[in-house]
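The values are calculated or read from the model by the stated rules, or taken from the named source; none is laboratory data. On a predicted model such as this, the values are computed, not experimentally measured, just so you know. In this analysis, Cβ positions are derived from the backbone assuming ideal geometry, glycine residues included, and neighbour counts consider all displayed protein chains. Surface areas here come from the heavy atoms of the whole protein model, side chains and all, with no ligands, DNA or RNA. Shrake-Rupley method; radii C 1.70, N 1.55, O 1.52, S 1.80 Å.
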Amino acid sequence: MLRGLLKGLKDLIYPNCCLVCKNRIPPAGQQQLICAGCWDLFEKNLPPFCANCGRHLDSQAIEKNACPSCSKCKANFYFDRAFSPCAYTGSIKKLIHEFKYSGKDYLGKPLGKLMHTFIRDYQLPIEHLDFIIPIPLHRSRQREREFNQAEILSQEVAREFDKKALTGVLIRVKRTQTQTELTFRERCQNVEKSFFVTKPELIKDTNLLLIDDVLTTGATSNEAAKCLKSAGARKVLLLTLAS
Ligand SMILES: [Zn+2]
Ligand SMILES: [Zn+2]
């Protein structure tokens, strides 16, 4: 009884509020950090998916047999296939921004859940993957931000499926400037040779899942996948929260 009373008191003093709408989460959902309503409002990426970038293809794209995002950048991706549970817009975009730039590492849990729910729902071949690898930050940038958001997401997914997240094997050797204003080609040049594999023997002939927070043009993840492939990786799948 005392425990129940203390918990009631704690809920009164520190009510569990949704991280998105700030409304109180009913006691039944107290384990969650995002309320069911907000969870449903995230714009989900629904099938059919583009076989390259993983974005949703509408009927027009299917008719033309061309993904608008992929045809725009005319990319030849080194990763075998990309997946994203959400479209990069609305409250998920805001949440990712807070996760990345406001030091809110605890957002890794609900955001990681988006990833493993997606892996289950769409039966991604997780059992055939040897390692999960986060897109690394340059060490000076990681020092500024205090953590690497991709590493936290990788750990969440690895724990859920009993896999190993490899850190320190793919490293970032070049600190690149912000890419917001650049085209795909310019971004590719900007990130060229910015990754390095420290232990190629570890990833030779492996199937990997590369994880990042967002896929925009794909230039960064593409360069990372290129680096892993030239170090001997057999297959590289890419999973991001949003694209
Ligand atoms: Zn909410
Ligand atoms: Zn595409």
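Taking the C-alpha atoms only, the angle from helix 219-230 to the longest principal axis of the chain is near 60 degrees.
Label zone of residue 207 (point 7 Å out along Cα→Cβ, amide N under 14 Å): in the stretch 130-149 this covers 130-132.
As a calculated quantity, the FRET efficiency between residue 189 and residue 94 at R0 = 22 Å, using C-beta atoms, amounts to about 0.15. To the nearest 10 degrees, how steep is helix 108-121 against the longest Cα principal axis of the chain, on a 0 to 90 scale? The answer is roughly 70 degrees.
Measuring nothing but how far apart in sequence close Cα pairs (under 8 Å, 6+ apart) lie, relative to its length, the chain scores a relative contact order of 21 percent. Residue separation times 0.36 nm, minus the C-alpha to C-alpha distance between residue 196 and residue 171: what's the value? Net length gain for the segment: 8.5 nm. Modelled this way, with points 7 Å down the Cα-to-C-beta line, the labels at residue 145 and residue 23 are 3.1 nm from one another. Taken per residue, the accessible surface of the chain reaches 55 Å², heavy atoms only and a 1.4 Å probe.
Can you pull the percent of the chain's accessible area that's carbon plus sulfur, 1.4 Å probe, other chains left in place? The C+S portion of the solvent-accessible surface of the chain is 53 percent. Rounded to the nearest 20, the size of the Cβ-charge dipole of the stretch 45-242 about its Cα centre is 460 debye, with Lys and Arg at +1 and Asp and Glu at -1.
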